[in-house]
Amino acid sequence: MIHARLRQFVALAVGAVLAACLSFAAPASASTLTSAAADTQVQTPLVVNARWGGHATYDRIVIDLQGYAPTVTVTPVAQLRYDGSGKPVPLAGKYFLEIRLNPAAAHNDAGQSVYHGPKLQKIHLSKLKGLAMTGDYEGYVTFGAAFDTLPYYRAYSLHSPERFVVDIAH
């Protein structure tokens with residue numbers, strides 16, 4: 001019986017010491033913690049422009065960014081659709097690529113657009129036939145590219161300034 005009471009006393013004493021240590025380690029106020037966390041947050045990269053060019057052996061799409069280069073996926077799709085509404089994108093072509101950046105935005109914190117490129121553009125290059133911005137929705141910025149023939153492409157990021165590139169072979 002003495003051992004049981006001794007264990008109970010030791011457990012209570014250890015608990016009291018831990019509680020006292022934790023009270024000294026707690027922040028002085030929640031506002032201090034919040035402002036420190038806000039200072040270390042990284043701003044979402046902004047998509048500011050999209051452009052294209054034709055070269056001797058390839059066509060190129062360039063997406064200009066402010067901030068760091070986000071994760072980008074390039075996916076062949078059967079049809080291009082606008083994010084959010086699901087409506088079809090009116091670009092002529094038989095083959096399509098969806099270019100999706102995340103996390104990214106084409107608007108600032110006030111909701112104003114920072115994107116200065118084309119929203120929907122018919123293009124007359126060897127392979128690339130159209131480009132559309134199909135979404136700026138919930139942390140994703142999406143573009144669609146249209147082609148008459150199956151596109152063979154290479155996608156990569158370039159830095160200083162930040163941009164994402166898709167090269168389509170002729």
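The range 113-170 and the range 78-111 have Cα centres separated by 10 Å.
Mark the label point 7 Å from the Cα of residue 68 along Cα→Cβ and return the residues of the range 93-134 whose backbone N is within less than 15 Å of it. Output list for this probe position: 102-105. For the range 42-166, the dipole from Cβ point charges (+1 on Lys and Arg, -1 on Asp and Glu) about the Cα centre works out to 480 debye, to the nearest 20.
Simple rule: put +1 on each Lys or Arg Cβ and -1 on each Asp or Glu Cβ in the range 52-155, find the dipole, and look at 137, 78, 67; the Cα lying farthest toward the positive end is 78. Couplings 3J(HN,Hα) for the range 81-98, derived from phi with the Karplus relation 6.51 cos²θ - 1.76 cosθ + 1.60 (θ = phi - 60°), are 9, 6, 5, x, 8, x, 5, x, 8, x, 10, 6, x, 9, 10, 9, 10, 9 Hz, where x marks Gly and Pro.
Can you tell me how the range 94-170 classifies by the Cα gyration tensor, rounded, prolate or oblate, using a/c under 1.5 as the rounded cut? Verdict is prolate for the range 94-170. Estimated at 0.36 nm per residue, the fully extended path between residue 149 and residue 122 surpasses their Cα-Cα distance by 8.2 nm.
Computed from point charges on the beta carbon alone (+1 for Lys and Arg, -1 for Asp and Glu), the dipole magnitude for the range 81-151 about its Cα centre is near 400 Debye.
The numbers here are math on the coordinates, done by the rules we state, and not lab data. Quick caveat: nothing in here was measured; it's all calculated off a predicted structure. Methodologically, a virtual Cβ is constructed for each residue, glycine included, from the backbone with ideal geometry; neighbour enumeration extends over all protein chains shown.
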